[in-house]
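I have placed the structure first, in the form of structure tokens, so that the comments after it can refer back to it.
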Amino acid sequence: MKPEQPAPAAATTSNAFKTVKDVEAHAKARMDKVISGLQHDISVIRTGRASVAIFDNLRVDYYGTPTPLSQVANLHVPEPSLITIQPWDVSQIAAIEKAIRTADMGLNPANDGKIIRVPVPPLTEERRKEIVKKLHAVAEDHRVAARNVRRDANEHLKKLLKDKLISEDEERRALDDVQKTTDAHIAKIDQASKAKEKDILDIK
């Protein structure tokens with residue numbers, strides 16, 4: 001899932017920001033959202049251990065309506081290599097199994113008429129490399145989103161200078177602060193990505 005791209009600077013009304021603090025607070029809030037989005041997106045990426053989070057983005061055809069799996073069943077991890085799914089409506093077992101099989105997650109669910117058991121097999125080296133590649137792409141998408149927020153903030157600061165609401169020195173300091181905020185958030189993205197990569201490559 002790609003992070004939501006920030007709106008162009010021009011999309012914000014010219015009088016939305018009156019001070020440097022307004023611009024910086026807005027940029028930080030948007031970058032914090034980028035980090036939250038990253039944390040969600042990498043939580044659904046498989047590692048070698050069972051986790052119900054891998055189904056966070058899975059939708060089940062519930063009487064014709066795509067519905068999150070967590071809204072139609074209870075999910076548990078009774079052991080490190082197994083996920084169990086207990087549908088609230090047992091007539092939905094087939095639909096849930098179909099959703100898992102077509103999600104291309106390398107999982108093979110089976111049921112006893114009441115509960116679906118999803119063994120989480122160890123990842124092959126090739127599969128780990130594929131997942132790491134996907135992780136890197138997700139992380140890069142979020143780095144781009146953070147840089148887009150920086151670009152928009154810089155445009156707003158230039159507008160404040162042009163409108164004579166701040167001095168050149170204030171703009172210079174603010175541009176530096178926005179860059180520091182961007183660097184800090186990209187460092188968080190890098191840290192989260194490296195931690196997830198370690199989980200994926202960790203063979204137990």
- Being part of a helix (DSSP H, G or I) and small (Gly, Ala, Ser) is the filter here, so list the residues in region 87-117 that pass it. 91, 94, 95, 99
- Could you list, in sequence order, all residues of region 51-66 that are crowded, with 18+ Cβ neighbours inside 10 Å and over 19 Å from the mean Cα position of the chain (by Cα)? 60, 62
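Given the condition buried (at least 17 other Cβ atoms within 10 Å of the Cβ), in contact with a Phe, Trp or Tyr (Cβ under 8 Å, 6 or more places away or on another chain) and either free of Cβ contacts under 8 Å to residues at least 24 places away in the same chain or outside any helix (DSSP H, G or I) (or both), answer yes or no: does some residue in region 118-128 qualify? Full working, then the answer.
We begin by selecting, within region 118-128, every residue buried (at least 17 other Cβ atoms within 10 Å of the Cβ); these are 118, 120, 123, 128.
Next cut, in contact with a Phe, Trp or Tyr (Cβ under 8 Å, 6 or more places away or on another chain) only: none.
No, every residue in region 118-128 fails to be buried (at least 17 other Cβ atoms within 10 Å of the Cβ), in contact with a Phe, Trp or Tyr (Cβ under 8 Å, 6 or more places away or on another chain) and either free of Cβ contacts under 8 Å to residues at least 24 places away in the same chain or outside any helix (DSSP H, G or I) (or both).
Answer yes if at least one residue in region 17-26 is among the small types (Gly, Ala, Ser) and surrounded by 18 or more Cβ atoms within 10 Å (Cβ to Cβ), and no otherwise. So that I can check it myself, show each step before the final result.
At the first step, the residues of region 17-26 found to be among the small types (Gly, Ala, Ser) are 25.
Those left that are additionally surrounded by 18 or more Cβ atoms within 10 Å (Cβ to Cβ): none.
Within region 17-26 (the criterion being among the small types (Gly, Ala, Ser) and surrounded by 18 or more Cβ atoms within 10 Å (Cβ to Cβ)), the answer is no, since none of the residues qualifies.
The numbers here are math on the coordinates, done by the rules we state, and not lab data. Not measured: the values here are computed from a predicted model. Cβ coordinates were reconstructed from backbone atoms using ideal geometry, including for glycine residues, and neighbour counts include every protein chain displayed.
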